[in-house]
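Only one structure is covered here, and it is reproduced in the block below.
Derivation of every value follows stated rules applied to the coordinates shown; laboratory data play no part. Keep in mind the model is a prediction, meaning the values are calculated, not measured. Glycine gets a Cβ as well: all are built from the backbone with ideal geometry, and neighbour counts include every protein chain shown.
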Amino acid sequence: MKMKFLICIMIAGFVAISCKTAVNTAETPRPNMVELVNNPETTLVDVRIPSEFEEKTAKNAVNIPLAEIENNLDFFRKQKQVVLFCNRGKQAQSALDILKKNGIENVVSAKTLDNVSAIQNSK
């Protein structure tokens, strides 16, 4: 009898723990990347190392390597909107995470230079 009671209590506990209240999981809609990249008020930031930037980058992009992101927080705060990019998207995501962690919300990642270049060349 004690065992049945204990099992019922455990089941009730699991049910209570697993029940969640409604949480708004709606994310902020992703901005239109084509509009952002083509907007003259958007700052394009290539987060790759300077030698890669010198070889090839997007039109009007500035180079702030990932290792220098935290040293340039004031720069990012002064921009209206920022689009980050790199070769494969990993560095751009890391830069985005650093900036968001520091309260900078006016940034998005276009992931790759190829993405930004394709948008710029599709005009």
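Some points to look at:
- If the chain linking Thr112 and Lys80 were pulled fully straight, counting 0.36 nm for each residue of separation and taking away their Cα-Cα distance, it would gain 9.4 nm.
- Residue-wise HN-Hα coupling along region 56-67, computed from phi with Karplus coefficients 6.51, -1.76, 1.60 (Hz; x: Gly, Pro): 6, 8, 7, 4, 6, 7, 10, 10, 10, x, 3, 5
- Across Lys59/Lys80; Lys59/Lys100; Lys59/Lys111; Lys80/Lys101, pairs whose alpha-carbon gap is larger than 22 Å: Lys59/Lys100
- Per-selection Rg to Rh, region 33-121 - Cα, Kirkwood hydrodynamic radius: 0.92
- Taking label points 7 Å from Cα along the Cα-to-Cβ direction, Asn87 and Ile7 give a separation of 5.9 nm.
- Peptides 60-66, 93-99 ranked from most to least packed give 93-99, 60-66, packing being the mean of other C-beta atoms within 10 angstrom over each peptide's residues.
- Filtered trypsin sites (Lys or Arg not before Pro), region 65-115: DSSP coil and at most 10 other beta carbons within 10 Å: Lys80
- The GluC sites (Glu not before Pro) of region 27-123 meeting both criteria, a DSSP state outside H, G, I, E and B (loop) and at most 16 other C-beta atoms within 10 angstrom of the site's C-beta, are Glu27, Glu41, Glu105.
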